[in-house]
Amino acid sequence: MAEQNLTGAAVRRARAQSGLTLRALAAGIGVSVGTMSAIENGKVALTIDRLHEIARYLDVPVSHLLRPHHDRMPTEAPAGPTDTSWRHFADLDLDPALEAAVQVFTDLGYHGATMRLVAHAADSSVAGIYHYHRSKQQLLATLMTRTMDDMEWRVAAADAEGGSPAERFALMVEAIALCHTVRRDLAFITATEMRSLEDPDRSTIAEARRRLQKRLDDAAVAAAADGSFTTPDPRSTARAVATMCMALPYWFSPTGPTTPAEVARDYAGHALSMMQVQAR
């Protein structure tokens, strides 16, 4: 089972790197989305023929799907990114049940949602949903974990791109604002449903939030130390900036007059103003 899980994870990683959605790969090799999701989650074993089909479709060597890759830590930037990769958003790896859960949780809230409603939105049976996700709580935990993992590597990459502490701070704010606009529904769920999340997942998500805040805090304190920021309390101001970004899903609309990139740049500018940045 462990080897099966590793192979599934390698398939998922190779698919994500190719820019394909789960649905596109499933259609490409002639299987259902549910079967493809089960393969990637290690629920079913891959035959040699099926493995070769996937490798051919993804244009990777079969050995690439058998190599025991280790999952990237969410606090690190992805291997070999370009300097703007954190600004590029492909669809997250969500199977139909998770996509449906995003819709239902956003519309009705976690407590108003039921597995039957999720199944209806996914055009599936309740039994079909339970086959891959053991509970509504697991759906919530998975969505929040994927959201925070995605946000962490982007903020880490933005941090690494900056030179001075002030520049690092501004780029991280831009990355956080992008995540809260491009991934608006997921960010909304993650911000509003912490009270519904149970341990140990609640503690894991809370720790991820603390890591993000610490990155902002550390850059702000360093910028204050070198004279770039003159706010009397850089840590408190950094927390106010993070809270400002977390509120974006409450008002941002993808059909509105501003794009996520424009909002993110504006928020980086607002954050620097709040920090009382000094021109050099």
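Computed quantities for the displayed model
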| quantity | calculated |
| --- | --- |
| Relative contact order [Cα under 8 Å, 6+ residues apart], the range 157-280, whole percent | 40 |
| Residues Tyr130 and Asp93, FRET efficiency given R0 of 22 Å [Cβ-Cβ distance, rounded to 0.05] | 0.60 |
| Relative packing of 226-238, 200-212, which averages over residues the other C-beta atoms within 10 Å, highest first | 226-238, 200-212 |
| The chain, helix-only ellipticity at 222 nm - DSSP H runs n ≥ 4, -39,500 (n - 2.57), divided by all residues, nearest 500 | -21000 deg cm²/dmol |
| Global form of the range 196-280, assessed from the alpha-carbon gyration tensor, a/c cut-off 1.5 | oblate |
| Packing-based ranking, highest mean first, of 251-261, 181-191 given that Cβ atoms within 10 Å are counted | 181-191, 251-261 |
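Bear in mind these aren't lab numbers, they're just calculated from the coordinates by the rules spelled out. As the structure is a prediction and not an experimental result, all values here were calculated from the model. Ideal geometry is used to build each Cβ from the backbone, glycine not excepted, and the neighbour counts take in all protein chains shown.
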